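S.K.: Provided herewith is a single structure, encoded as structure tokens, for subsequent inquiry.
What follows draws every value from the coordinates through simple rules; no lab data is involved. Fair warning: this is a prediction, and the values are worked out from it, not measured in the lab. Cβ atoms come from the backbone with ideal geometry, glycine included; neighbour counts cover every protein chain shown.
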Amino acid sequence: MPEKLSQTMMRISDIAGVMRIETGAYSYPWTAGNFLDCLKSGYHCKVMTQEGGLVGYSVVMDVLDESHLLNLAVAPSMQGQGIGRMILDSIIDEARSQGRRRMILEVRASNLKAISLYRKAGFYRIHVRRNYYPTPVGRENAIVMGLDL
Ligand SMILES: CC(C)(COP(=O)(O)OP(=O)(O)OC[C@H]1O[C@@H](n2cnc3c(N)ncnc32)[C@H](O)[C@@H]1OP(=O)(O)O)[C@@H](O)C(=O)NCCC(=O)NCCS
């Protein structure tokens, strides 16, 4: 990890900064309450900071031997510099070291950036959940992807 970047557990006090990224990164963002619920439920929530400023985050829920990546985002102004891949790699390493067998996630079928990121990290397509996500004109499919750890 480049010197200026560091990754720590997300705290309640991070949520305001997380929400600034979340609302810029997604058309249908999570609410602050969603992040709070994840923290209270003990999900693995991490933030990546650069010189004290928040640049990205991830939320992972573990169920037995499976890790479910629920959210991964990088601040729009910081995208395309390898930070998303760095966060993803650290999540994968952590899940492996905890003995998880598989990581799964859902991604919008139109989110080609994220799909490319996941494919390069070794994820494969498991199946399609039809009409899973809202769009301004209706619904779109989710691609369910998995990685054997
Ligand atoms: C998806 C996301 C997390 C990627 O983070 P990032 O820091 O921009 O990505 P990186 O710079 O680490 O790039 C990793 C890979 O992503 C893909 N990628 C990144 N930018 C891309 C672009 N503009 N077009 C196509 N693919 C792109 C590439 O496969 C890239 O690998 P490469 O650099 O070897 O070509 C980030 O774009 C984001 O936060 N998007 C909005 C939120 C989101 O959609 N999250 C995923 C929900 S499932």
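S.K.: If you go through the stretch 35-57 one residue at a time, do you hit one that is of a type in the set (D, E, K, R) and in contact with a Phe, Trp or Tyr (Cβ under 8 Å, 6 or more places away or on another chain)?
M.R.: As a first pass, look at the stretch 35-57 and keep what is of a type in the set (D, E, K, R): 37, 40, 46, 51.
Within this subset, residues satisfying the condition of being in contact with a Phe, Trp or Tyr (Cβ under 8 Å, 6 or more places away or on another chain) are 46.
Within the stretch 35-57, one or more residues are of a type in the set (D, E, K, R) and in contact with a Phe, Trp or Tyr (Cβ under 8 Å, 6 or more places away or on another chain).
S.K.: How many residues are polar (S, T, N, Q) and away from the ligand (no atom under 11 Å from the Cβ) when one looks only at the stretch 97-149?
M.R.: So in the stretch 97-149, the residues polar (S, T, N, Q) come out as 97-98, 110-111, 116, 131, 135, 141.
Filter once more, keeping what is away from the ligand (no atom under 11 Å from the Cβ): 97-98, 131, 135, 141.
Total satisfying the criteria: 5.
S.K.: Might you let me know whether the stretch 69-92 holds any residue that is more than 9 Å from the ligand (Cβ to nearest atom), surrounded by fewer than 17 Cβ atoms within 10 Å (Cβ to Cβ) and more than 16 Å from Leu5 (Cα to Cα)?
M.R.: Scanning the stretch 69-92 turns up no residue that is more than 9 Å from the ligand (Cβ to nearest atom), surrounded by fewer than 17 Cβ atoms within 10 Å (Cβ to Cβ) and more than 16 Å from Leu5 (Cα to Cα).
S.K.: Output the residues belonging to the stretch 69-127 that are in a strand (DSSP E or B) and of a type in the set (Ser, Thr, Tyr).
M.R.: Just the residues of the stretch 69-127 that are in a strand (DSSP E or B), to begin with: 69-74, 102-108, 124-127.
Across the stretch 69-127, the qualifying residue is only Tyr124.
S.K.: Still on this structure: Among the listed residues Arg125, Arg100, Arg108, which satisfies the condition of being in contact with a Phe, Trp or Tyr (Cβ under 6 Å, 6 or more places away or on another chain) and surrounded by 13 or more Cβ atoms within 10 Å (Cβ to Cβ)? It would help to see each step written out before you state the result.
M.R.: Details: Arg125 fails: in contact with a Phe, Trp or Tyr (Cβ under 6 Å, 6 or more places away or on another chain); Arg100 fails: in contact with a Phe, Trp or Tyr (Cβ under 6 Å, 6 or more places away or on another chain).
Just one listed residue meets the conditions, Arg108.
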